[in-house]
1. List every residue pair whose Cβ atoms lie under 6 Å apart, where the two residues are 6 or more positions apart in sequence or sit on different chains, the first residue falls within segment 19-31 and is among the basic types (Lys, Arg), and the second residue, located anywhere, is open to solvent by 10 Å² or more (accessible area, probe 1.4 Å) and in a loop (DSSP other than H, G, I, E, B).
2. In the set 2, 21, which member is within 19 Å of residue 93 (Cα to Cα) and in a loop (DSSP other than H, G, I, E, B)?
3. Give me a count of the residues in segment 17-39 that are surrounded by 15 or more Cβ atoms within 10 Å (Cβ to Cβ), modelled with pLDDT of 90 or more and either more than 19 Å from residue 230 (Cβ to Cβ) or hydroxyl-bearing (Ser, Thr, Tyr) (or both).
4. Six or more apart or on different chains, Cβ under 7 Å: which pairs go from a residue in segment 199-219 that's in contact (Cβ under 8 Å) with a residue 60 or more places away in the chain and open to solvent by 30 Å² or more (accessible area, probe 1.4 Å) to one that's of a type in the set (A, V, I, L, M) and in a loop (DSSP other than H, G, I, E, B)? Could you list them?
5. What is the number of the single condition among (1) over 25 Å from residue 152 (Cα atoms); (2) part of a loop (DSSP other than H, G, I, E, B); (3) in contact with a Phe, Trp or Tyr (Cβ under 6 Å, 6 or more places away or on another chain) that residue 220 does not meet?
6. Can you tell me how many residues within segment 173-189 are among the β-branched types (Val, Ile, Thr) and under 19 Å from the mean Cα position of the chain (by Cα)?
7. State whether the residues of segment 194-208 include one that is assigned to a helix (DSSP H, G or I) and either modelled with pLDDT of 95 or more or closer than 23 Å to residue 157 by Cα (or both).
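The values are calculated or read from the model by the stated rules, or taken from the named source; none is laboratory data. Since this is a predicted model, take the numbers as computed values, not measurements. As a convention, Cβ positions derive from the backbone with ideal geometry for all residues, glycine included, and neighbour counts pool all protein chains shown. To get the accessible areas, we keep the full protein, side chains included, count just its heavy atoms, and leave off ligands, DNA and RNA. Shrake-Rupley method; radii C 1.70, N 1.55, O 1.52, S 1.80 Å.
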Amino acid sequence: MGLHAEFVISAMSPHQFPEDGLPEIALVGRSNVGKSSLINCLVRMNKLAKTSNTPGRTQSLNFYRIWPEGKPRFGDSRRPQGSDAALLRGSAAEAARAAGAFYFVDMPGYGYAKVSESQRRAWRKLIEQYLLERRELCAVIQIVDLRHPPTQDDITMWEWLRYYGKVRLCVATKADKVSRGQRPVHAREIAAGLGLRDGGEPGPGPFTPEQEPLLLFSAEDGLGRDKLWYWVLGVTRQARGR
């Protein structure tokens, strides 16, 4: 049985968040940095997360449920019907936890969006509430572009995650756009700009807020995919063991 991934809900408010208690990994980064492409590459489904050349298209918290060993068959009369059919209750939620399922949560990009200031404030409030209060959140992947130094928004986000002690990983995407010889140069620039304590690739768990690795990634050729999966499965396994 192979990997299975499914879109669950596009949440605009906390009362829409899933309630099945599965571990969650949030993906943050500036608009158009490649969060959706990263998700699609990891699960090997080109159209699971919608990608766009227009920055600011993600305007909600998009929850994708991931079944690393495949989705088990189960039936539960308490499972919601209709528009909430993807949300799990009762024995269905128990089966998901036993199977090691978890969520990727794709968050609105920061730094650019053609929306009103009031909408920006609403997004900011929703994002901060999720990152600060969400009990199921076990780790955050911050995505930057390997081709460029970190922006001030990137630096602010990383320092925020560090201040609140979030287990975190910095992933530098679009590595295929940089020559092999120049990748270490760009990686050092990003590590210095964010003030990463480690700067190297993620090592073996347990994963703690003190670790600050940097992983080079490409959704085009799969560079870093296996290493990122190792980290993801490690933090979700650690979260289930709490």
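1. Here the result reads 30/109; 30/111, each pair linking segment 19-31 to a residue that is open to solvent by 10 Å² or more (accessible area, probe 1.4 Å) and in a loop (DSSP other than H, G, I, E, B).
2. Values: 2 fails: within 19 Å of residue 93 (Cα to Cα).
Being within 19 Å of residue 93 (Cα to Cα) and in a loop (DSSP other than H, G, I, E, B) holds for just one of 2, 21, which is 21.
3. Keep residues of segment 17-39 that are surrounded by 15 or more Cβ atoms within 10 Å (Cβ to Cβ), which gives 17-18, 20, 22-39.
From what's left, modelled with pLDDT of 90 or more: 17-18, 20, 22-30, 33, 35-39.
Retained after the next criterion (residues that are either more than 19 Å from residue 230 (Cβ to Cβ) or hydroxyl-bearing (Ser, Thr, Tyr) (or both)): 17-18, 20, 22, 28-30, 33, 35-37.
Total satisfying the criteria: 11.
4. 216/146; 216/223
5. Only one criterion in (1) over 25 Å from residue 152 (Cα atoms); (2) part of a loop (DSSP other than H, G, I, E, B); (3) in contact with a Phe, Trp or Tyr (Cβ under 6 Å, 6 or more places away or on another chain) is unmet by residue 220, namely (3).
6. Going through segment 173-189, the residues among the β-branched types (Val, Ile, Thr) turn out to be 173, 178, 185.
Next cut, under 19 Å from the mean Cα position of the chain (by Cα) only: 173.
Of the residues in segment 173-189, 1 are among the β-branched types (Val, Ile, Thr) and under 19 Å from the mean Cα position of the chain (by Cα).
7. Within segment 194-208, the first condition is being assigned to a helix (DSSP H, G or I), and the residues that meet it are 194.
Now narrow it down to the ones that are either modelled with pLDDT of 95 or more or closer than 23 Å to residue 157 by Cα (or both): 194.
Yes, because at least one residue in segment 194-208 is assigned to a helix (DSSP H, G or I) and either modelled with pLDDT of 95 or more or closer than 23 Å to residue 157 by Cα (or both).
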